[in-house]
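The values are calculated or read from the model by the stated rules, or taken from the named source; none is laboratory data. Computed from a predicted model, the values in this text were never measured in an experiment. Don't worry about glycine lacking a Cβ; one is built from the backbone with ideal geometry, like all the others, and counts go over all protein chains shown. What goes into the accessible areas is simple: the full protein's heavy atoms, side chains included, and nothing from ligands, DNA or RNA. Shrake-Rupley method; radii C 1.70, N 1.55, O 1.52, S 1.80 Å.
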Amino acid sequence: CPPVPTSLSCVCVCVSPSPGLPPRHMDSVVQIVEALEASEPGFTVPELARALGGCGTPGCRAVLGEPPDVPAAPPALPGEQWLLFTQLLRRDDDDAAPEGGAVLAPDGSTVALGPLFAGIEVGLKRATGCPTPTIEPPVDALYAVTIAEALGTSFLLARGADGHQATLGPAGCWDNVDDPQNYTLLGPPSPIPDAVAIGAMDGVLLGAQLAREPIPLAELLRGYYGTGNGTEKGRPPSSYRRRDFGVLTGPGKLEEEVVAMLRVLRELPPTQELLEDVGPEEMVAIARQAARDFTEVYVECPAIVPRCMWGARPYRGTPKPLTLPLGSIYIHHTFSPSDPCRTFAACAHAMRAMQRFHQDTRGWDDIGYSFVVGSDGYLYQGRGWHWVGAHTKGYNSKGYGVGYVGDFSATLPDPDTIALVRDELLPCAVRTGRLHHNYTLRGHRQLGHTDCPGNSLFHEIETWHGFK
């Protein structure tokens, strides 16, 4: 696996495919699904995914039943597409990393196919009235096969550990976003790396959508992820997954389903031993912690695109650490680029352009901002949470610099883009101990000779909590 020099620190866990396969991109998956649906196989695409190993955990097998036998390669599917599909879903090796079955979506997120197709299968069964196996105690099948088992197992395994065992994350990066083949985790793996969490949320959302209104699976995926239908030019529904999952699934519902799944796992031979000394009260405590942490990380806190995903150059020199928590936030606009970026590709291009300007023209060590705000629904990591930036002269070590892509002298960012910082990033920074609860928020113009962040955006932030 090639190194990823653009991240300030990382642990590489790589998944390498066979050469000559289609890109590990959601576009490739949609093309495969479309061909399989047109060829009318003996069972549905989600059942095929389960046959290949996409639902191999004890709880998932209990809820959806034993997988069907793996069929021969469908004649309608070229050999390289069939090989890619089997590689993305087959789990013959007990040590196979769950993120190995992940693909890159057009919005820049990485999606594990196992929980995605499991949730879709539950939705299809509900839409057609096809029952799932009856298990005791009862569970909501949609949550059981996507997130509840994985979440309960992750926090169960961390119980009694030394406190350093990861329960959620990390994120990862692809070797090439145009032809994604190798995926690299940016830290020690947990049972729920980001790709699995994202696949699980998408499985819940798309399963629930199918249960209400069944449509061809290729059409569903194309519409949700924005592949091949023109929505690459704007925000696809997948970029709203955190908001939509939070609306559909409150923390109480998630906790309830994790408890139910732990009770099921206690009755299954493969997992009985894990839970034999876990009493009912401790089981509830594990589920409560799991639901609370998952909600904070994947619902309440915004998604941040890591440096290696937008193609950052290496930092020049040695970064200086910040002393957390910080007391201030400084709001900027980029001015140039002057237009908001509304797709992952456009925002990544803007990030690279700004870094080149800051390094080559300004002579700085790196892009100056701590974080940059795209109008695609995502934040982009600049210097990040831990390193001193170059955004607000004289104040760089005292606060984070957050820059909106665009010129907001006469217009405002989209309401969703305003809320991304005001309602998500800032409360998240406080909850996670990176920002004082009584922080001060200012516009760049208050601390230097500049019009930044533009008249319109400055008047907007005057209404925000913490503005001084």
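Key figures
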| quantity | calculated |
| --- | --- |
| In sequence order, calculated HN-Hα J values of region 62-73 (Karplus, 6.51, -1.76, 1.60; Hz; x Gly/Pro) | 5, 7, 9, x, 5, x, x, 5, 5, x, 5, 4 |
| Most to least accessible of ARG307, ARG243 (protein chains only, probe 1.4 Å) | ARG243, ARG307 |
| Cα-based helix-to-principal-axis angle, 344-356 vs the chain, degrees rounded to 10 | 40 degrees |
| Contact order relative to length of region 407-459, as percent, for alpha carbon pairs under 8 angstrom and 6 or more apart | 56 percent |
| Carbon and sulfur %, accessible surface of region 308-462 computed with the full protein complex present, 1.4 Å | 50 percent |
| Region 361-450: C-alpha gyration tensor shape, a/c 1.5 cut-off, then a/b vs b/c | rounded |
| Surface per residue (accessible, 1.4 Å probe) for the chain, Å² | 42 Å² |
| For the chain, share of DSSP beta bridges that run antiparallel, in % to the nearest 5 | 40 percent |
| Approximate spin-label separation ASP451-HIS386, in nm, with each point projected 7 Å along Cα-to-Cβ | 3.9 nm |
| Inter-centroid distance (Cα atoms) of region 108-154 relative to region 402-418, Å | 38 Å |
| Segment SER336-GLU219, extension gain: residue separation times 0.36 nm, minus the distance between their alpha carbons | 38.4 nm |
| Anchor LYS320: lysines whose Cα lies under 16 Å away (excluding residues fewer than 8 positions away in-chain) | LYS393, LYS398 |
| Among ALA73, PHE467, THR227 the positive-end extreme of the charge dipole of the chain (Cβ point charges) | PHE467 |
| Karplus (6.51, -1.76, 1.60) ³J(HN,Hα), θ = phi - 60°, over region 205-210, in Hz, Gly and Pro reported as x | 5, 6, x, 5, 5, 5 |
| Using θ = phi - 60° and Karplus 6.51 cos²θ - 1.76 cosθ + 1.60, couplings along region 315-326 (whole Hz; Gly, Pro as x) | 5, 8, x, 10, x, 9, x, 7, 9, 8, x, 8 |
| Normalised contact order of region 161-285, rounded percent, pairs of Cα under 8 Å and 6 or more residues apart | 14 percent |
| Theoretical gain in end-to-end length, ASP293 to ASP423 [0.36 nm per residue, Cα-Cα removed] | 45.0 nm |
| Residue-span extension gain [HIS437 to ARG159] - 0.36 nm each, minus C-alpha spacing | 97.1 nm |
| Pairwise label distance in nanometres, GLU462 with THR134, each label 7 Å out on the Cα-Cβ vector | 6.6 nm |
| Sequence-distant residues sharing a close amide H with ILE192 (under 5 Å, placed H) | GLY169 |
| Relative contact order for region 308-462, counting Cα pairs under 8 Å that sit 6 or more residues apart, in percent | 32 percent |
| Carbon + sulfur, % of accessible area of region 26-300 - ligands and nucleic acids excluded, 1.4 Å | 51 percent |
| Antiparallel bridges, percent of DSSP beta bridges restricted to region 308-462 (to nearest 5) | 20 percent |
| Once exposed loop chymotrypsin sites (Phe, Trp or Tyr not before Pro) are cut out (DSSP; at most 15 other Cβ, 10 Å), longest piece of the chain | 44-463 |
| Rounded to 10°, Cα long-axis angle of helix 113-128 versus longest principal axis of the chain | 60 degrees |
| Sequence-distant residues sharing a close amide H with PHE335 (under 5 Å, placed H) | GLY406, ASP407, PHE408 |
| Dipole magnitude of the chain about its Cα centre (Cβ charges: Lys, Arg +1; Asp, Glu -1), debye to nearest 20 | 1940 debye |
| Degrees, to the nearest 10: 79-89 long Cα axis against longest axis of the chain | 80 degrees |
